[in-house]
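Before any comments, here is the structure.
The values are calculated or read from the model by the stated rules, or taken from the named source; none is laboratory data. This structure is a prediction, so every number in the text was calculated from the model and none was measured. Here the Cβ positions follow ideal geometry from the backbone for every residue, glycine too, while neighbour counts run over all protein chains shown. Remember, those area values only see protein heavy atoms, side chains included, never the ligands or the DNA or RNA. Shrake-Rupley method; radii C 1.70, N 1.55, O 1.52, S 1.80 Å.
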Amino acid sequence: MGGGGVQASLGGRYALALFELASQAKTIGQVEASLASVRDALDQSDDFRALTNSPIVQRGPATKAVLATADSLGVDATTKSFLGVLAENRRLGQLPAIIRAFRLLAARHRGEVTAEVTSAHPLSDDQVVELKQQLRQRLGREVSVDLSVDADLLGGLVVRIGSQMIDSSIRTRLNALSSAMKG
């Protein structure tokens with residue numbers, strides 16, 4: 001399983017840099033927990049999300065605001081300085097991609113398999129448990145699940161494990177059908 005896919009994107013390169021820092025500092029778990037807090041903040045706080053996506057916020061104020069948010073979230077020192085660097089480089093918009101990529105790197109480091117699961121609607125806790133169980137049976141090992149929602153998905157879900165796609169999306173079948181018809 002080549003790691004080329006993760007590092008190829010900008011978010012992946014940042015995630016890899018952060019992962020190497022965390023690895024040297026032996027704080028992979030802390031950084032992962034901190035990033036989970038940051039992701040929750042992005043989900044829950046319109047202000048924080050606006051700050052990370054705004055092209056208008058000046059670099060200085062953006063950095064200050066992000067570091068203040070980092071303090072209020074209680075993130076570890078490595079993550080805090082990383083957020084500062086992202087703000088300085090005007091790369092806060094990459095945060096969701098960076099967090100996702102970091103989780104994959106951390107899971108791989110622990111020898112876990114991470115399945116990236118995209119569904120048309122948020123999955124219930126029961127559905128997540130059921131999905132993990134099916135994946136565990138299929139792969140013969142523990143699987144952690146990284147969930148995201150894509151309303152454009154026409155029903156079903158798309159599960160990606162490494163470079164492997166396990167797919168039950170209607171859209172994908174339609175696309176495959178139409179390309180087969182074009183021949």
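So which of Arg160, Arg138 is under 17 Å from the mean Cα position of the chain (by Cα) and either at pLDDT below 85 or basic (Lys, Arg) (or both)?
Working: Arg138 fails: under 17 Å from the mean Cα position of the chain (by Cα).
Of Arg160, Arg138, the one residue that is under 17 Å from the mean Cα position of the chain (by Cα) and either at pLDDT below 85 or basic (Lys, Arg) (or both) is Arg160.
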Practice task
With the condition kept exactly as written, say whether any residue in segment 99-116 is β-branched (Val, Ile, Thr), outside any helix (DSSP H, G or I) and at pLDDT 90 or above.
Solution key: no
Problem - Of all residues in segment 152-166 being touching a strand residue (DSSP E or B) at 6+ places or on another chain (Cβ under 9 Å) and within 11 Å of Glu116 (Cβ to Cβ), the one that is surrounded by the fewest Cβ atoms within 10 Å (Cβ to Cβ) - result: Met165
Completion exercise
Going through (1) touching a residue at least 40 places away in the same chain (Cβ under 8 Å); (2) open to solvent by less than 80 Å² (accessible area, probe 1.4 Å) one by one, Gln30 fails only at (2)
Exercise for the section: Return yes when Arg90 is assigned to a loop (DSSP other than H, G, I, E, B) and either aromatic (Phe, Trp, Tyr) or open to solvent by 80 Å² or more (accessible area, probe 1.4 Å) (or both) and no when it is not. Expected result: yes
Completion exercise
Of the candidates Phe82, Phe48, the one satisfying the condition of being among the aromatic types (Phe, Trp, Tyr), touching a residue at least 60 places away in the same chain (Cβ under 8 Å), assigned to a helix (DSSP H, G or I) and open to solvent by less than 30 Å² (accessible area, probe 1.4 Å) is Phe82
Completion exercise
With criteria (1) open to solvent by less than 40 Å² (accessible area, probe 1.4 Å); (2) in a loop (DSSP other than H, G, I, E, B); (3) more than 23 Å from Thr27 (Cβ to Cβ); (4) among the hydrophobic types (A, V, I, L, M, F, W, C), Ala62 comes up short on (2)
